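Structure record follows, encoded as C-alpha cells.
The values are calculated or read from the model by the stated rules, or taken from the named source; none is laboratory data. Bear in mind the structure is a predicted one, so any value in this text is a computation, not a measurement. Every residue, glycine among them, receives a Cβ derived from its backbone with ideal geometry; neighbour counts consider all protein chains shown.
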There are 2 protein chains.
Amino acid sequence: MKDNLVLSYLENYSKKTIPLFNYFFNAKKNEARKIGANPYDLLKQFIKTAILGKKIRGALMVLGFEIAGGKKLEAIYDASLFIELMHSGLLIHDDVMDNTDLRRGHPSLHKQYSPEHLGKSMAINAGDLAFYLSWEKLMNSNFPTERLILAGKIYSEFLTRVIYGQILDIVPDNNKTISKTNILSKLRYKTAEYTGVFPLLVGAILGGMKDEKKLRLLKEYGLALGWAFQIQDDVLGLYGDKEKTGKPVGSDLKEGKKTLFVYYLLKHGNAKQKSFILSILGNKNVNSQDVNKAQKLFKEIGAYDYVIKLGWDYVKNGKKAVPAITSDKKLQKILTSFIVFMMERTR
Amino acid sequence: MKDNLVLSYLENYSKKTIPLFNYFFNAKKNEARKIGANPYDLLKQFIKTAILGKKIRGALMVLGFEIAGGKKLEAIYDASLFIELMHSGLLIHDDVMDNTDLRRGHPSLHKQYSPEHLGKSMAINAGDLAFYLSWEKLMNSNFPTERLILAGKIYSEFLTRVIYGQILDIVPDNNKTISKTNILSKLRYKTAEYTGVFPLLVGAILGGMKDEKKLRLLKEYGLALGWAFQIQDDVLGLYGDKEKTGKPVGSDLKEGKKTLFVYYLLKHGNAKQKSFILSILGNKNVNSQDVNKAQKLFKEIGAYDYVIKLGWDYVKNGKKAVPAITSDKKLQKILTSFIVFMMERTR
C-alpha cells in the first residue's frame, strides 16, 4: 500500500501526542471545574471531539521540524498540540456557520445543547476557548523565545487569512461570477494555506530553518499539499463513506457550496442538468435520491474526472519541490508519500 | 470635577493611539482588499466600532507600564492596541450570545448583515479576526521577546477565564441557587479580571516589573477596579443614558441576567414584587413601562443603594493598595482617581 509510510507517521504522531493531550486537558479540566459546572461541562464536550481528528496538521508540524534538523522531538510534539487545538476551534465555528450537524462522527458542538441559541453561543465560546488554549500551548512551549515569537507572528498572519477565507466561503456567490480562479482562491484561504503551508512552516521555524530558498520551496510544497487536501475533501464530501469521514454525504450541496464539481457542471452541462443542480444547491430539503442523482451526473459529465485530475496535478507539482527541500532520503520519501496520501485518503 | 485627571489620561491615550489604530487598520484594509470584497467589507464594519470604545483597558495598560518604570512610551502605546482589539472581539461575540442590537451607538455587528444567520456568521468571523489581529499586534510589539512571551502567557490565561465567565453568564441560573457569591464570581470572570487586572499586569510586565509583592498588590487593586467597573456597568444598564452608553436601557432584564439588583429584590421583595421581576426577566417583550417600573422598584426596595454601596466598597478597598504599588505621587493620584472614576462614569 502506497500510503503505509504516512499512515505510520500519523500513527506514531498520535501515539506520541495522545498522552500529551490527556495531560494538558486534565490540567485544564481541573481549572474549569473550580470555576463552575457549566465551563467544566463545555470543556469536556470540546475535548471529546478535539482528540478525534486526523491530526494531519500536527504531524506536518513535526515533519517541518525534522526537515529543519530540529532535535528536541519531545518539545515539538508537545508544541504541536497548539495547531490541533486551533484546528478544532475553527471547525466548531465553521460548523455553526455551515449548519453542519455531524463532526468526527459526533453531533457538532452547537448541537450538544438546546435550545438552538444556547447551542450556538456555547459553540462560539468553545471555539474561542480552543483558540486561547492553542495560544497558551504555543506560548508555553520549550523553545527559544525568538523562535516562539516568530511562530506567533506566522500563526496570527495565517489565521487572519483563514478567517477571510471563511468570509469568502459563507457569503453566497453570484452564479455569474463563479470562476475556477475564485473557487481555488477560496480553497486556498479557507483551507490550503493553514493545512499545508502553516504547519510545515511553523515546525521548520521552531526547528531553526533560516534558508530563504528552502523556506520558499517548503511553502510551495505545502500549498500544493493543502490544495490536494481540500480537493479530496470535496471529493469525500460527495463520494465518501460517512462512517469514515464522520460527515454526512452531500452536505456541500445542501449548504449551497459552489465546489469545483458545481463549477464544471454549470460550465459544461445542458440546461436541464444545470437547472437540476441549481435546484438542489443550498436546498435544505435535499434527500439521498437527489444526492445520488448529483453523484451520477458529476461522473457522467466529466466533473469528477476533472476534479480528480486537478488534485493529482497539485500532487505532481508539489512532489517536484521535494529534492530541494531536504537531502535526507527518508524525509524525502515521507514528503512524497504525504502529498500522495492527500488524494488517496478515505477519511 | 473629581475625574478630570482620568478623563485627561483617557483623552491623551486616545490622542496618542488613534493615529496608531489608523495606521494599523489601513495596512489591514490593504491586505483584506486583495483577498476579496467581502472580507474587506467586514473589516471596515469591524473598524467602524472598534475605534469607538472608551479605551479604559488600553489606558490601564499604559498606566501599568508607567508604574513599572517603563520608558518606551511609544512602544507601549502601539502594543496596547492589542488589548482594545481583543476587547472589541469579545463584545462582538458577546452581542451575538446576548442578542444585543446596539453597541457603541451603532447596530451590533451581527445586525449589519441579513439574513440573521449570515449576520451571526459574520460576527463569529469578526470576533475571531479581532482576536488574531490582537495577537498579531502583541507578537509584533517592540519589546524584548522574553517579556512578550510572558505577556502572551498572561493573555491566554486571562482570556480562558473570560470565556469561562461568558459560559457562566449565558447558561440560565436556577432561581434557587442564585447567591451573591455566585453573581460576584460571574462578574469577576466575565469582566473584572480582564478589565482591571489584565491590562495593568500586562503593562507592568512589559515595563519590566518583577517585584512579586508589587505585582500582587497591582492585581488586588485591578480586581477591585474591575468589579467597580462591572457594577457601574450594571447600574448604567438600568439607569444610564442610552445616548452616552450606546446601549439600550433595561437590556439586562430582557436578556434575563441575574444582576445584583435582581438578587437583592428576590431576597428582600414581597411576593408581588418578586413575581413582577420574574415576569419580565428574560422576556423579549419587555417595554419601557416595565423598565420604568423595575427602576422604581429597585430604588424603593433598597437594591439600588445596596449595589451602589458595594461598588464604592470596592473603590475604597482598591484605593488602600495604591501607596504600596508606587511611590510616584502623580501615578498614585491617577490610580486613586481611576478607581473612583469607575463608579462615577456615565458612559
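Values for this structure:
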{"quantity": "Failed condition for residue A:329, given (1) free of Cβ contacts under 8 Å to residues at least 40 places away in the same chain; (2) closer than 30 Å to residue A:269 by Cα; (3) exposed (fewer than 15 other Cβ atoms within 10 Å of the Cβ)", "calculated": "(2)"}
{"quantity": "Residue that is surrounded by the fewest Cβ atoms within 10 Å (Cβ to Cβ) [pool: residues in segment B:101-125 that are modelled with pLDDT under 95 and among the charged types (D, E, K, R)]", "calculated": "B:101"}
{"quantity": "Residue within segment B:11-19 that is in a helix (DSSP H, G or I), under 17 Å from the mean Cα position of the chain (by Cα) and farther than 27 Å from residue A:96 by Cβ present", "calculated": "yes"}
{"quantity": "Condition met for residue A:193 (closer than 24 Å to residue B:142 by Cα and either modelled with pLDDT of 95 or more or in a helix (DSSP H, G or I) (or both))", "calculated": "no"}
{"quantity": "Residues of segment B:52-73 classified as crowded, with 20+ Cβ neighbours inside 10 Å, touching a Gly at 6+ places or on another chain (Cβ under 7 Å) and not in a helix (DSSP H, G or I), total", "calculated": "2"}
{"quantity": "Residue check for residue B:187: in contact with a helix residue (DSSP H, G or I) (Cβ under 7 Å, 6 or more places away or on another chain) and within 15 Å of residue B:150 (Cβ to Cβ)", "calculated": "no"}
{"quantity": "Filtered residue count, segment B:131-140, keeping only those that are touching a residue at least 60 places away in the same chain (Cβ under 8 Å) and more than 7 Å from chain A (Cβ to nearest Cβ)", "calculated": "1"}
{"quantity": "Residue match in segment A:141-150 (condition: within 21 Å of the chain's Cα centre (by Cα) and either within 8 Å of another protein chain (Cβ to nearest Cβ) or not in a helix (DSSP H, G or I) (or both))", "calculated": "no"}
{"quantity": "Answer residue from segment B:184-197, given it is more than 9 Å from chain A (Cβ to nearest Cβ) and either charged (D, E, K, R) or in contact with a Pro (Cβ under 8 Å, 6 or more places away or on another chain) (or both) and is farthest from residue B:268 (Cα to Cα) among those", "calculated": "B:193"}
{"quantity": "Condition check for residue B:215: of a type in the set (A, V, I, L, M), surrounded by fewer than 20 Cβ atoms within 10 Å (Cβ to Cβ) and either in a helix (DSSP H, G or I) or away from chain A (no Cβ under 14 Å) (or both)", "calculated": "yes"}
{"quantity": "Near pairs, Cβ below 6 angstrom, 6+ apart or cross-chain, from segment B:21-46 (within 9 Å of another protein chain (Cβ to nearest Cβ)) to any residue that is among the hydroxyl-bearing types (Ser, Thr, Tyr) and in a helix (DSSP H, G or I)", "calculated": "B:32/B:40; B:35/A:164; B:39/A:164"}
{"quantity": "Residue satisfying all of: in segment B:151-183; of a type in the set (Lys, Arg) and in a helix (DSSP H, G or I); nearest to the other protein chains (Cβ to nearest Cβ) among these", "calculated": "B:153"}
{"quantity": "Pick from segment B:52-71, criterion more than 17 Å from residue B:7 (Cβ to Cβ) and of a type outside the set (Val, Ile, Thr), ranking: farthest from the other protein chains (Cβ to nearest Cβ)", "calculated": "B:66"}
{"quantity": "Yes/no for residue A:49 being away from every other protein chain (no Cβ under 14 Å), under 23 Å from residue A:107 (Cβ atoms) and part of a helix (DSSP H, G or I)", "calculated": "yes"}
{"quantity": "Set A:98, A:128: member being at the interface with chain B (Cβ under 9 Å from one of its Cβ atoms) and modelled with pLDDT under 95", "calculated": "A:98"}
{"quantity": "Residue tally, condition farther than 18 Å from residue B:170 by Cβ and within 12 Å of another protein chain (Cβ to nearest Cβ), over segment A:101-125", "calculated": "0"}
{"quantity": "Residue satisfying all of: in segment A:110-140; among the hydroxyl-bearing types (Ser, Thr, Tyr) and either part of a loop (DSSP other than H, G, I, E, B) or over 22 Å from the mean Cα position of the chain (by Cα) (or both); nearest to residue B:116 (Cα to Cα) among these", "calculated": "A:121"}
{"quantity": "Test: residue in segment A:198-208 that is crowded, with 18+ Cβ neighbours inside 10 Å, over 25 Å from residue A:313 (Cβ atoms), within 9 Å of chain B (Cβ to nearest Cβ) and among the hydrophobic types (A, V, I, L, M, F, W, C)", "calculated": "no"}
{"quantity": "Residue in segment B:151-158 that is within 23 Å of residue A:32 (Cβ to Cβ), crowded, with 24+ Cβ neighbours inside 10 Å and of a type in the set (Val, Ile, Thr) present", "calculated": "no"}
{"quantity": "Within segment B:298-347, considering residues that are small (Gly, Ala, Ser) and part of a helix (DSSP H, G or I), the one farthest from the chain's Cα centre (by Cα)", "calculated": "B:324"}
{"quantity": "Every residue from segment B:114-157 that is under 24 Å from residue B:48 (Cβ atoms) and basic (Lys, Arg)", "calculated": "B:120, B:137"}
{"quantity": "Hey, residue A:235 in contact (Cβ under 8 Å) with a residue 60 or more places away in the chain and either on the phi < 0 side of the Ramachandran plot or within 23 Å of the chain's Cα centre (by Cα) (or both) or not", "calculated": "yes"}
{"quantity": "Condition met for residue A:76 (touching a helix residue (DSSP H, G or I) at 6+ places or on another chain (Cβ under 8 Å), away from chain B (no Cβ under 14 Å), part of a helix (DSSP H, G or I) and touching a residue at least 12 places away in the same chain (Cβ under 8 Å))", "calculated": "yes"}
{"quantity": "Qualifying positions in segment A:259-268 - buried (at least 20 other Cβ atoms within 10 Å of the Cβ) and over 18 Å from the mean Cα position of the chain (by Cα)", "calculated": "A:261, A:262, A:263, A:264, A:265"}
